[in-house]
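Data block below; observations after.
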Amino acid sequence: MNDNRLGSAVSPYLRQHAANPVDWREWGAEAFAEARERGVPVLVSIGYATCHWCHVMARESFSDPEVGELLRRDFVAVKVDREERPDVDASAMAAASAFTEQLGWPLTVFMTPDAQVFYAGTYYPPQPVGQHPSFRQVTAAVLDAWRDRRDEVDANATAIARAIRQGAEADAASAEAGRSDGSGPGLPSVDAIRRVVRDLERAEDAEYGGFAGAPKFPNAPLLEFLGDAAADGVDAAGGLLDRALGAIARSELTDADGGVFRYATRRDWSVPHYERMLYDNAGLLAVADPARARGIADFLRDTLRRTDGAFVAAQDSESTIDGRRVEGEWYRLPLDERARFDAPPLDDQVLTGWNGLAVRGLVLAGTRAGDEEMIGLARAAADAVIAAHLRDGHVAVRSSSGAGTSTAAPTIEDIGLFAEGLLELALVTGELAYATTARTLVDDGLSGVLEVDPVLAAAGTATGEQPQTALRSGTVALASAAALLAALTGEDDRRAAAGRLVAERARTGVDRPLGHADALGVALALQRPSREVVLVADDRSGPDVTAMLHTLRAVRRPGTITAVLTRAQAADWADAGFSLLEGRDALDGVAYVCHDRVCALPARSADDLVAQLG
């Protein structure tokens, strides 16, 4: 009898497998208790709703009744959505690295009933291909080891769990020891960070742009670091950034509607892997020029935006064309022909952190371009997530979908990315509520209120947030938000906390920037003199204010923050504890340029402002 329990899952990825002839369970203590009672291993299959090879493995193996019977008899089978439970995915990835360097999804992991990994891989075909075994061969080998070599299995599981635990403990110790006051390992020097650009010059693909060979990823965090370095005066950084962005924009990786695919399978940026993720597009908004940013914003608005303003996680790589389920064919059609067919389906999951990234990207791009619609899209997304995912100013929900609200606990990604997005939105709109909510979230993140998954905690395999090449780190975003708050409030303990959060990641990033570039950008900002620019104007339509706003759009330098408020808003911010705004409600239509919160005389024209900015 089929006992598949995914029909009521919140995750769209899990619901995609609800009709499989596999007794799938959701991740949780009950599944492992069942394995313990039956004395069988646990198969944990991890993927996400728009993953092409996850679809392939589902069709080839998990839809096969014989495979379903095998898994029902000899395993407890657990499905995990890596978007819903990134903590589980990070732990499984760390374990899988002991068996393969080719990490990705679907991730196929075998665990003991105590949730410790003893074997792992990725996609397995239904029949062996060359040296690549079939899924049935893998399960047969796993069962053989489980039944006949249990001591070896237990030893492997224990060793892998110990290595994960030691790595997590080392990360925690480094974060605590990494102080910016000289009492422990601190941030890498500015010169060391600037030298990373020289290393990236050597790694650049001189023929096609970008870095490394195939596959080619957009790597928005790395591109944003190049933008920070260019703004800090590293001449080569701007060229590297422009060439990479230009290559992406001209390539098949950018769709005709402006959206960007997840990666290209070839070195020349061709043959995309066609799913389109919110995080890639949101991250690129932070660095794209106005024309390219407008295209991405149109894609977010027209394709990923819900009616309430929140953004869903992704659009699938596959669609149904003439009765066939195919990858990429819909995207290869001209825009005017696509309407004849159903568009690829959406991963309708709303993720707090990813929406925070989108809010930030839209604000940064909208501010640069003077595009109020982008700011409006950011505001609507922030309002929707606050209404649905926050309780009394705290993140209570990581993930929701049309099927309900997930029980998965919020992660550092949700707190950090959403806090940073809200602060950027507050600075450009002057809306105090966004700033006070962000302050609450930052304090939550710094106080360590996050829950650890109980199954991972019991197994000793919780890793904490792992560095990624595609998605801005929640830890880094939290550090950035804490530094912004320090500039606004004068509370230097938050700035010191920001240094502690990114110190280890930034030191690692000096040697390995591809996975730690976001930390390098924040580390650079923390070591530059703090500069605060405040424009106070009740009416933004006058020629002087318009000219000053135009000037501020070009202001980008690590360590600089810019706020635009009315006099009434400035007074409210000051009353709420944002002391940078104290006394800024006396004059209208003026700008203040401050260094470490010591402000020059008010600038009353764009020329005055330019002179003070130097």
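Every read-out reported here was derived from the displayed coordinates using simple, explicitly stated rules and does not represent laboratory data. Just so you know, these numbers come straight off a predicted model, no measurement behind them. With ideal geometry, Cβ positions are generated from the backbone for all residues, glycine too; neighbour counts draw on all protein chains shown.
Of the options MET548, VAL536, ALA517, report the single residue whose Cα projects farthest towards the positive end of the charge dipole of the range 496-590 (beta-carbon charges: Lys, Arg +1; Asp, Glu -1). Projecting each Cα onto the dipole axis, the largest value belongs to ALA517.
When the Cα positions of PHE211, ALA433, GLY39 are compared along the charge dipole of the chain, PHE211 comes out farthest toward the positive end, with charges on each C-beta of Lys, Arg, Asp and Glu. Amide hydrogen proximity for HIS595: with H placed 1.01 Å from N in the peptide plane, the residues at 5 or more positions away or on another chain lying under 5 Å are GLU532, ALA600.
GLU582 sits among other residues whose Cβ lies under 15 Å from its own Cβ, and their net charge, with Lys and Arg +1 and Asp and Glu -1, is -2. Averaging 1/r over each pair of different alpha-carbon atoms in the range 213-261 and inverting the result gives 11.5 Å, the Kirkwood hydrodynamic radius. A simple rule links phi to the HN-Hα coupling: the Karplus curve 6.51 cos²θ - 1.76 cosθ + 1.60 with θ = phi - 60°, which for the range 516-527 gives 9, 5, 4, 5, 5, x, 5, 4, 5, 4, 5, 9 Hz, with x for Gly and Pro. Potential lengthening of the chain between THR407 and ARG202 amounts to 69.2 nm, from the contour at 0.36 nm per residue minus the alpha-carbon distance. Overall shape: oblate for the range 529-614, with the ratio a/c of the largest to smallest alpha carbon gyration tensor axis at 1.5 or above and b/c at least equal to a/b.
How high is the relative contact order of the chain, given as a whole-number percent (alpha carbon pairs under 8 Å, six or more residues apart)? About 13 percent, as a whole number.
Full extension of the segment from ARG36 to ARG604, taken as 0.36 nm per residue of separation minus the current Cα-Cα distance, would add 197.2 nm. Charging the Cβ of each Asp and Glu at -1 and of each Lys and Arg at +1, and nothing else, the dipole of the chain about its Cα centre rounds to 700 debye. For the chain, the longest principal axis of the alpha carbon atoms and the long axis of helix 150-177 meet at an angle near 10°. Nearest-5 percent of antiparallel DSSP beta bridges in the range 529-614? Restricted to the range 529-614, the bridges split so that about 60 percent are antiparallel. Summing +1 for each Lys or Arg and -1 for each Asp or Glu among the other residues whose beta-carbon sits under 11 angstrom from that of ALA477 gives -4.
Take the Cα of ASP392, step 7 Å toward its Cβ, do the same at HIS550, and the gap between the two points is 4.9 nm. Reducing the range 416-473 and the range 344-390 to their Cα centroids gives an inter-centroid distance of 16 Å.
Each Lys and Arg adds +1 at its Cβ and each Asp and Glu adds -1 at its Cβ; summed about the Cα centre, the range 12-168 shows a dipole of about 60 debye. Taking the Cα centre of the range 71-124 as origin and assigning +1 to Lys and Arg Cβ atoms and -1 to Asp and Glu Cβ atoms, the resulting dipole is close to 240 debye. Axis angle, to the nearest 10 degrees, between helix 190-203 and the longest C-alpha principal axis of the chain: 50 degrees. Find which of THR352, PRO558, LEU222 sits farthest along the positive direction of the dipole of the chain, computed with +1 on the beta-carbon of Lys and Arg, -1 on that of Asp and Glu, about the Cα centre. Projecting each Cα onto the dipole axis, the largest value belongs to LEU222. Coupling constants for the range 214-229 follow from the phi torsions by the Karplus curve (6.51 cos²θ - 1.76 cosθ + 1.60, θ = phi - 60°), and in residue order they are 7, x, 10, 10, x, 6, 4, x, 5, 5, 5, 4, 4, x, 4, 5 Hz; glycine and proline get x.
Take 424-432, 594-602, 360-368, 439-447 and order them by the average number of nearby Cβ atoms within 10 Å per residue, most first; the result is 360-368, 424-432, 439-447, 594-602. The amide H of ALA396, built 1.01 Å from its N in the peptide plane, has LEU390, ARG391 as neighbours under 5 Å, considering only residues 5 or more places off or on other chains. Considered as an equivalent ellipsoid built on the Cα gyration tensor, the chain has semi-axes of 43, 26, 23 Å, the largest given first.
Each peptide in 137-147, 517-527, 459-469 receives the mean, over its residues, of other Cβ atoms within 10 Å, and ordering these scores from highest gives 517-527, 459-469, 137-147.
Each residue of the range 260-272 is assigned a 3J(HN,Hα), and the resulting list reads 10, 6, 5, 6, 9, 7, 10, 4, 8, 6, 9, 6, x Hz, derived from the Karplus form 6.51 cos²θ - 1.76 cosθ + 1.60 (θ = phi - 60°), x at Gly and Pro.
Beta bridges assigned by DSSP with both partners in the range 469-614 are antiparallel in approximately 60 percent of cases.
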